[in-house]
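What follows is one structure encoded as structure tokens, with my remarks underneath.
Laboratory data are not the source of any read-out in this text; all were calculated from the coordinates shown. Quick caveat: nothing in here was measured; it's all calculated off a predicted structure. Here Cβ is always computed from backbone atoms with ideal geometry, including for glycine, and neighbour counts include all displayed protein chains.
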Amino acid sequence: MSIDHYTYRVTWSPEDNEYLGLCAEYPSLSWLADAPDSALAGIRRVVADVVADLRAGGEPVPEPMAEKRYSGEFRVRIPPDLHRRLAFTRRRARGEPESAGKREIGGMRRWSYWTVFPSRSLGTSATSAMNLLMPDPCRNPAAAD
């Protein structure tokens with residue numbers, strides 16, 4: 001694994017009046033410089049030093065984000081009462097009995113996959129409220145029927 005595979009970013013820092021070099025895999029590291037190229041070179045040197053120290057100490061070295069395998073799924077935590085309302089709304093919209101949750105698809109019982117859209121109309125932050133729950137036909141084509 002090479003430090004070239006890490007995710008680097010250079011941005012302007014108005015507070016410091018300099019360019020700031022960052023590495024996504026090492027959020028506690030940064031490098032300030034007068035020019036963007038210097039900021040990038042600086043953060044790369046710092047990351048190389050940290051990786052060398054970790055290896056010398058037998059400690060785990062973070063895997064580059066570009067090399068990680070992602071499942072394409074993530075969980076969103078919402079309050080139980082909101083979860084209940086969303087599930088009920090979805091089932092009612094599809095004409096399903098309230099006890100529905102699993103479906104027969106090709107002779108197999110499978111959980112339905114849903115897409116959740118953040119709320120903008122409720123005037124709340126996208127992470128604190130959801131206002132629409134519907135089947136995701138891309139994930140589970142049989143759910144679109």
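Worth a mention:
- Residue that is surrounded by the fewest Cβ atoms within 10 Å (Cβ to Cβ) [pool: residues in the range 15-40 that are in contact with a Gly (Cβ under 8 Å, 6 or more places away or on another chain) and among the aliphatic types (A, V, I, L, M)]: L32
- Residues located in the range 52-91, provided they are without any contact (Cβ under 8 Å) to a residue 24 or more places away in the chain, more than 27 Å from Y8 (Cα to Cα) and surrounded by 10 or more Cβ atoms within 10 Å (Cβ to Cβ): P79, H83, R84, R85, F88, R91
- Any hit, the range 32-55, residues being more than 16 Å from H5 (Cα to Cα) and in contact with a helix residue (DSSP H, G or I) (Cβ under 9 Å, 6 or more places away or on another chain): yes
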